[in-house]
1. Would you work out the Kirkwood radius for the stretch 215-296? I mean one over the mean of 1/r across all pairs of different Cα atoms, in Å.
2. How much of the accessible area of the stretch 143-293, probe 1.4 Å, is carbon plus sulfur, in whole percent?
3. Need the list of lysines near residue 187 for cross-linking: C-alpha distance under 27 angstrom, and skip anything on the same chain fewer than eight residues off.
4. What are the residues whose amide H is under 5 Å from the amide H of residue 44, where those residues sit 5 or more places off or on another chain and H is modelled from the backbone?
5. What is the extension gain from residue 228 to residue 207, computed as 0.36 nm multiplied by their sequence separation minus the C-alpha to C-alpha distance, in nm to one decimal?
6. So what's the convex hull volume per residue for the Cα atoms of the stretch 270-334, in Å³?
7. Determine the dipole magnitude for the stretch 277-337: charges of +1 sit on the beta-carbon of Lys and Arg, -1 on that of Asp and Glu, nothing else is charged, the reference point is the Cα centre, and the result goes in debye to the nearest 20.
8. Would you pull out the residues with amide H under 5 Å of residue 50's amide H, same chain only if 5 or more places away, H placed 1.01 Å from N?
Amino acid sequence: MIMADSGSSEEVAVIGNTDITSTESENNIINTMVERGTSLLKKMEINVAEAEKRTGKNTVNMQETYTVYLIEIRPAESVTEGGTPAAPDTLWRRYSEFELLRTYLLVTYPFIIIPPLPEKRAEFVWHKLSADNLDPDFVERRRVGLENFLLRVASHHVLSNDKIFFLFLTEEKGWREAVLDTGFQDKVDSRLKSVSAMLRVKNPDKRFTALKQYSDELNTVVSQLLRVRARVADRLYGVYKVHGNYGRVFSEWSAIEREMGDGLQSAGHHMDTYAASIDDILEEEEHYADQLKEYLFYTDAVRSVCKKHELMQYELEMASQDLAYKKQQKEELVTGTVRVFSLKGMTSKLFGSETQEQRESRLSAIEQSIEEGVEAVMEKNTECRDFVSAAWEDIERFKEQKDKDLREALISYAIMQISMCKKVWPSTLFRTSFCFQYKH
């Protein structure tokens with residue numbers, strides 16, 4: 001599913017060299033749609049170089065095992081062509097610190113689709129893929145995802161200039177205190193408040209409604225795709241590994257055959273090679289699955305922007321409704337007529353009307369309240385309009401990023417599949433020729 005206009009005229013992608021190594025493939029994945037010429041990435045290079053398992057005590061003084069990630073940064077100017085790069089500045093971060101950074105960005109920049117973090121625990125696993133969050137393969141894929149998160153934030157023209165993000169990259173010890181001192185936690189909207197706004201808003205913006213619906217559909221489609229892919233990986237793994245049994249049969253058969261011994265031994269070797277190749281194939285596929293997972297998690301970021309708009313729209317409608325009620329109160333006080341049943345009206349009938357001085361005092365208070373209400377409505381209206389303008393600009397940026405990312409990912413996946421077939425076909429042709437030789 002693609003949000004951008006598919007009718008735009010673009011050059012047709014041509015698949016060129018299909019003989020790529022796994023290292024080249026991983027580099028393609030890491031560098032997908034990172035705007036190297038923008039903002040912070042113009043000044044420095046950012047890498048999550050390695051992961052390390054550690055043991056320590058948690059907040060309740062219990063022993064735990066966790067993973068930390070080494071962030072390396074170096075000035076971009078220090079990397080000269082053909083020269084030796086300068087030693088990078090390094091610091092270690094836990095996954096929970098990445099979570100705190102992203103929460104801060106979500107609250108501080110509610111109009112921006114904040115890049116998602118990689119999964120905390122493995123999802124959409126198949127039987128050979130470990131669900132353990134300390135599994136080395138999973139930790140490595142998460143390292144790649146965390147680096148991609150930092151690069152996406154650093155390439156954003158607004159987020160890259162945030163002081164707290166810069167401290168996250170440069171200050172190992174004082175960063176957590178700095179982010180908590182911003183008071184961002186006091187600005188977090190309660191879940192109940194967001195649900196109330198969603199249910200009670202009267203005039204929702206159709207653009208955000210359509211965007212939220214698209215996000216839900218994208219989430220459903222990508223989830224189904226990842227589930228199907230996990231089932232296919234399970235089945236494909238089984239099919240390939242069966243050939244390992246054939247390899248043993250051919251090897252044992254070669255021991256009792258005189259004329260065909262060498263051919264059977266060679267066939268068994270090719271069967272073993274074929275069976276072992278699935279491990280590298282599915283490992284590469286897992287990187288492309290991680291790209292799909294990133295956009296699965298992006299749907300939550302899109303919904304977050306929509307929810308914030310609903311909340312702001314709801315607050316604007318409440319302010320407008322309150323102002324209308326105050327104006328009605330003023331009209332009733334001036335004309336002396338009561339449109340709806342009220343306790344004050346009932347009191348006036350029972351105990352007599354108020355004096356002229358009391359009425360003028362009430363009228364003055366209501367007029368003051370109306371002025372404040374008008375200012376509140378104007379402020380909410382301006383705030384909502386500015387939010388829509390900024391949010392829609394970022395949504396358009398996200399659409400372009402998503403289309404380019406998925407296009408490049410699918411092309412890379414096709415190249416990987418072609419490269420895999422080139423490796424598998426010689427073995428297949430050998431087995432076919434062997435069968436013909438045996439028949440004759």
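The values are calculated or read from the model by the stated rules, or taken from the named source; none is laboratory data. Please read these numbers as outputs of a predicted model, since none were measured by experiment. Quick reminder, even Gly has a Cβ in these numbers, built from the backbone with ideal geometry, and neighbours come from all protein chains shown. We work out accessible area using only protein heavy atoms, side chains counted, and drop any ligands, DNA or RNA first. Shrake-Rupley method; radii C 1.70, N 1.55, O 1.52, S 1.80 Å.
1. Every distinct Cα pair counted, the radius reaches 14.8 Å.
2. Details: 4570 of 8460 Å².
The nonpolar share, carbon plus sulfur, comes to 54 percent.
3. Excluding near neighbours in sequence, the set is 120, 163, 173, 202, 206, 212, 307, 308, 380.
4. Counting only residues 5 or more places away or on other chains, the set is 76.
5. Details: separation 21, 0.36 × 21 = 7.56 nm, distance 3.15 nm.
The residue 228-residue 207 span can extend by a further 4.4 nm.
6. Dividing the Cα hull volume of the stretch 270-334 by its residue count gives 46 Å³.
7. Values: 7 positive and 15 negative charges, 223 e Å.
In total the dipole reaches around 1080 debye.
8. Placed amide hydrogens put 70 under 5 Å from residue 50.
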